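A.B. asks: Can you read through this structure? Questions will come right after.
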Amino acid sequence: MMRIILKWGVLAALVGMALYLILALYAQQEFVFAMLFLVLTASAVFVFVNKKLYAHRYIFPAIAGMGLFVIFPLMYTVGIGFTNYSASNLLSFEQVQDNLMGRTYQSDSIRYDYGLYQTDAGYVVYLEGEHQDLVTPPLELDGSEASVPVLPASKRPTGESLAMRDIIQLRSNLGSLNLLTEDGRELSMASLRSFAAIHDQYTLHDNGSITNNQTDVTYFPDHDTGFYRSADGDSLSPGWTVNIGWDNYLKVVSDPTIRGPFFEIFVWTLSFAVATVVFTLALGLLLANLLQWDQIRGKGFYRTMLILPYAVPAFISILVFKGLFNQNFGEINLVLEGLFGMRPDWFSDPALARTMILIVNTWLGYPYMMLLCMGLLQAIPRDLYEASAMDGAGPVNNLFNVTLPLIIKPLMPLLIASFAFNFNNFVLIALLTGGAPDIIGASTPAGTTDLLVSYTYRIAFQDSGQNFGLAAAIATAIFLVVGALSLINLKLSKVKV
Amino acid sequence: MAMVQPRSTKYRVLASHLGMLGFIVIILFPLLMVISISFRSGNFASGSLLPENPSLEHWYLALGIPYTGEDGTVTQPPFPVLLWLWNSIKIAVVSAVLILALSTTSAYAFARMRFAGKGFVLKSMLIFQMFPPVLSLVALYALFDKIGNHVSWLGLNTHGAVIVASLGGMALHIWTIKGYFDSIDRSLEEAAIVDGATTWQAFRYILLPLSVPILVVVFILAFIMTIMEYPMASVLLVDTDKLTLAVGAQQYLYEQNYLWGDFAAAAVLSGLPITLIFLYCQKWIVGGLTAGGVKG
């Protein structure tokens, strides 16, 4: 009985929390996210209440985790790829309108010179107008007062008139004052010597257009570009996020300042991934063969030494290489200068930077291949090598005619996984070169050593532009590549479930 | 032992030994270098590969102790390395516990129960696991931004967000554990169920105790993977005192503020425990990595 009460209590509490989150998100017009959590909560309740779905209770948390943090972000990203979501078009239309309508400017015509008086009850601001003087009630001026009514007055308050030096000290607290006159006007500090009336910058019309009250220019909302635009073509920032269809994809294909770098980076990404797989496999297979050879003693020692690069956390060893390859202080250039008298510029020459990346990645990746190959080599029957030795075959013959044909099939899915991993090897590039050296003539951040993933990351998160839409479009293209690879992989590895 | 041995075998064995030793020297050069640099005085001094006047200044700074030089100048530690290490360990332990608990129960259902859509779900998990989270960072960032407005401990710049986000990567572990469960005979559990045990009891008191080895492996794997996670933490965490080691360590090597010696000491200090854990567990880890997931 207790258990049942406990169970339902916990369930009710969780559902209550989820409902709170959903309603809060809905109230903030975050419909996509409200929907996401609604679906999640509903399916959770369904699975945990329905007796028939007992088995699904076990897998629900894992599936929900994947749905929330893998599948939903993936679909959301694909969706962003069709919008102009970026640093300049970050908000929704309503938020942009609120932002613009909240803007004000200070009038040139309605101005008051003022004096600040210290009376027994506090500070008093006395405004001298052309027709009518105004006075505030006594104030503390400690920054807590925002809106203060002012009343018509005819004589200056009694008390000490403060000098400019004291006014300067109280400047920020004076600046936060909003003085409300009896006829509904708002005044704020315009300079150290004057207060001026505040006007709304824009007036909203029924048809959605807005007029700038200062310049009398009218702006119309343009839902194709996500900006308020005037007849002259001027646009107001901020803009809002709109759907722009395939424009991001077209940009990648047609804009030469994006197409050029994109193509270069794509080719480099492919070559990097292929080269990494080939180098690590060649090295790993060679070492695995040596370690399998029964004539070699001290295998345990060799094995431990050889997998050390795999055991050190990658983010540390990549940074170690970054320091060692440093042009001026790096130990690698120190050694090279001592031996050959040269100081290669590893980080600013594109070819050298790419060479360095391949060296580092081979260092990082060969132990994995070696371990895989060792496992697979053990499965090859010894007598096959006996037979080939009888026929007079050497090691090279053995490798290509016995070993490779036997291990290539189980190895293939692992090689494809390794290819996919390196195709998206973000950490290596982000920590080692950050994409540098830059590609000249690119309109987005793009470097000669950037992989598609790091290129996408930089478009989305690096300094200028923050073009989330474009980044998402490129990410979608990469999703397709990865999806195709993993499907092939699934076929090849004949996964049984 | 092979019966047929060519005459040149002796030289080939010797050549293999020499070749491997030479290779190991090259491979270990970066690691040995870093240890040596961590004892070298100053951040810019280059000169010899072995430190000429060994100094512990970088080690003091890495351990968070201000270092007083010979001329009396006091250097403050540039970054809170130990705090970063602690953050990393905290996040990794909590993540690993959660991942282990959730993937074990899922793997149990996948291994022992029949239900609709089982094959489909298992296969889709394998496919989705290959999509790198770095590509959907914009969406993840937005997701945690929105959640954080209402649930503050899950928002941006919190460890809660990093921990929860790591739960997206459970498929690999589910496959590993399921592979192990599949290899355990199910007759014991069936006998228990015949005797009146519930499914949960059969799982909790019979299968789990038998699976301790694989659970240890998965825990360590999940722990190491979370410690090494970089892209997600780099976007979600902002404040210096919230960073994980993987995100913070790169700050030593900014071009404007290049602290090569300090980095070396911090790297050895924080990298060594993880390396040792990995080496100690490598047999099981490798088995889990290669055999557990994909059985060809």
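The values are calculated or read from the model by the stated rules, or taken from the named source; none is laboratory data. Since we're looking at a predicted model, the values are computed, not measured. Backbone-built Cβ (ideal geometry, glycine too); neighbour counts: all protein chains shown. Heavy atoms of the whole protein, side chains included, go into the accessibility calculation; ligands, DNA and RNA do not. Shrake-Rupley method; radii C 1.70, N 1.55, O 1.52, S 1.80 Å.
A.B. asks: Name the longest site-free stretch of chain B, where the excluded sites are trypsin sites (Lys or Arg not before Pro) in a DSSP loop with no more than 12 other beta-carbon atoms within 10 Å.
C.D. replies: That would be B:115-296.
A.B. asks: Calculate one ³J(HN,Hα) per residue across region A:104-116 by plugging θ = phi - 60° into the Karplus curve 6.51 cos²θ - 1.76 cosθ + 1.60, and present them in order as whole Hz with x for glycine and proline.
C.D. replies: 9, 9, 9, 5, 8, 8, 9, 10, 10, 7, 9, x, 10
A.B. asks: Please name which of A:Phe46, A:Gly330, B:Asn157 has its Cα lying farthest along the dipole of the protein assembly as shown towards the positive end, using unit charges on Cβ (Lys, Arg +1; Asp, Glu -1) and the Cα centre as origin.
C.D. replies: It is A:Phe46.
A.B. asks: Could you work out how far helix A:350-378 tilts from the main Cα principal axis of chain A, as a 0 to 90 degree angle to the nearest 10?
C.D. replies: So the helix axis and the longest Cα principal axis differ by about 50 degrees.
A.B. asks: What are the extents of the Cα atoms of region A:104-200 along their three principal axes, in Å, largest first?
C.D. replies: 35, 27, 21
A.B. asks: Not counting the cut sites, what is the longest span of chain A without GluC sites (Glu not before Pro) that DSSP labels loop and that have at most 12 other Cβ atoms within 10 Å?
C.D. replies: Looking at chain A, A:183-497 is the longest stretch - no exposed GluC sites (Glu not before Pro) with at most 12 other Cβ atoms within 10 Å.
A.B. asks: With labels modelled as points extended 7 Å from the Cα through the Cβ direction, what inter-label distance (nm, one decimal) is found for B:Tyr254 paired with A:Leu358?
C.D. replies: Modelled inter-label distance: 3.4 nm.
A.B. asks: Per residue, how much accessible area does region A:305-389 show when a 1.4 Å probe rolls over the protein heavy atoms, in square angstrom?
C.D. replies: Details: 3070 Å² over 85 residues.
Heavy-atom accessible area per residue stands at 36 Å².
A.B. asks: Fully extended, how many nm does the chain gain between B:Ser124 and B:Leu215 (0.36 nm per residue separation, minus their Cα-Cα distance)?
C.D. replies: Difference between extended and current length: 30.4 nm.
A.B. asks: Inside 10 Å of the C-beta atoms of A:403-410, what's the mean count of C-beta atoms belonging to other chains?
C.D. replies: So the per-residue partner count for this stretch is 1.
A.B. asks: Taking the Cβ of A:Ala24 as the centre, find all other residues whose Cβ is under 10 Å away and add up their charges (Lys, Arg: +1; Asp, Glu: -1).
C.D. replies: Once all neighbours under 10 Å are counted, the net charge is 0.
A.B. asks: Would you tell me the mean number of C-beta atoms belonging to other protein chains that fall within 10 Å of each C-beta in B:34-43, as a whole number?
C.D. replies: Partner Cβ neighbours, averaged per residue: 2.
A.B. asks: Based on the alpha carbons, how large is the Rg to Rh ratio for region A:2-80 when Rh follows Kirkwood?
C.D. replies: Checking Rg against Rh, the ratio lands at 1.03.
A.B. asks: Computed from the mean reciprocal separation of all distinct C-alpha pairs, what Kirkwood hydrodynamic radius does chain A have, in Å?
C.D. replies: Taking the inverse mean of 1/r over all distinct Cα pairs, chain A comes out at 30.1 Å.
A.B. asks: Ignoring any ligand, DNA or RNA, what whole percent of the accessible area of region A:253-492 comes from carbon and sulfur when the probe is 1.4 angstrom?
C.D. replies: Accessible surface attributable to carbon and sulfur in region A:253-492 totals 69 percent.
A.B. asks: Nearest 10 degrees is fine. How inclined is helix B:137-148 to the longest principal axis of chain B, computing both from alpha carbons?
C.D. replies: Taking the Cα atoms of chain B, the angle to B:137-148 is about 80 degrees.
A.B. asks: Given a 1.4 Å probe and every protein chain left where it sits, what share in percent of the accessible area of region A:2-80 is carbon and sulfur?
C.D. replies: On region A:2-80, the fraction of accessible area on carbon and sulfur atoms equals 80 percent.
A.B. asks: Relative contact order for region B:66-170: what percent, with Cα pairs under 8 Å and sequence separation of 6 or more? Walk me through the intermediate numbers first.
C.D. replies: Values: 46 pairs, mean separation 26.6, N = 105.
Computed value for region B:66-170: 25 percent relative contact order.
A.B. asks: Right, here's the next one. Just to confirm, what accessible area per residue do you get for region A:2-80 at 1.4 Å probe, in whole Å²?
C.D. replies: I get 59 Å² per residue for this part.
A.B. asks: Oh, and also: Between A:His205 and B:Val13, with labels modelled 7 Å along Cα→Cβ, what's the label distance in nm to one decimal, could you check?
C.D. replies: Taking the two extended label points, one gets 9.6 nm.
A.B. asks: Taking the Cα centre of region A:253-492 as the origin, how large is its charge dipole in debye, to the nearest 20, when only Lys and Arg (+1) and Asp and Glu (-1) carry charge on their Cβ atoms?
C.D. replies: That gives region A:253-492 a dipole magnitude of about 480 debye.
A.B. asks: Between A:Ser92 and A:Leu170, what's the calculated FRET efficiency when r is the beta-carbon distance and R0 is 51 Å? Round to 0.05.
C.D. replies: Numbers: r = 39 Å, r/R0 = 0.77.
Calculated transfer efficiency: 0.80.
A.B. asks: Just to be sure I follow the definition: excluding the sites themselves, where is the longest run in chain B that has none of the GluC sites (Glu not before Pro) in a DSSP loop with at most 15 other Cβ atoms within 10 Å?
C.D. replies: Looking at chain B, B:71-254 is the longest stretch - no exposed GluC sites (Glu not before Pro) with at most 15 other Cβ atoms within 10 Å.
A.B. asks: Can I ask one more? Take the Cα radius of gyration of region A:253-492 and divide it by 2.2 N^0.38 Å, with N its residue count; two decimals is plenty.
C.D. replies: For region A:253-492, the normalised Cα radius of gyration comes out at 1.18.
A.B. asks: Quick check: the angle from helix B:118-129's long axis to the longest principal axis of chain B, C-alpha only, nearest 10 degrees?
C.D. replies: The angle comes out near 10 degrees.
A.B. asks: Next question. Quote the Stokes-Einstein diffusion coefficient, in whole µm² s⁻¹, for region B:78-183, based on the Kirkwood radius over alpha carbon pairs, a temperature of 10 °C and a viscosity of 1.306 mPa s.
C.D. replies: 101 µm²/s
A.B. asks: For the pairing of chain B with chain A, what total accessible surface becomes buried, with a 1.4 angstrom probe, in square angstrom to the nearest 100?
C.D. replies: When B and A are taken together, about 9100 Å² of accessible area is lost.
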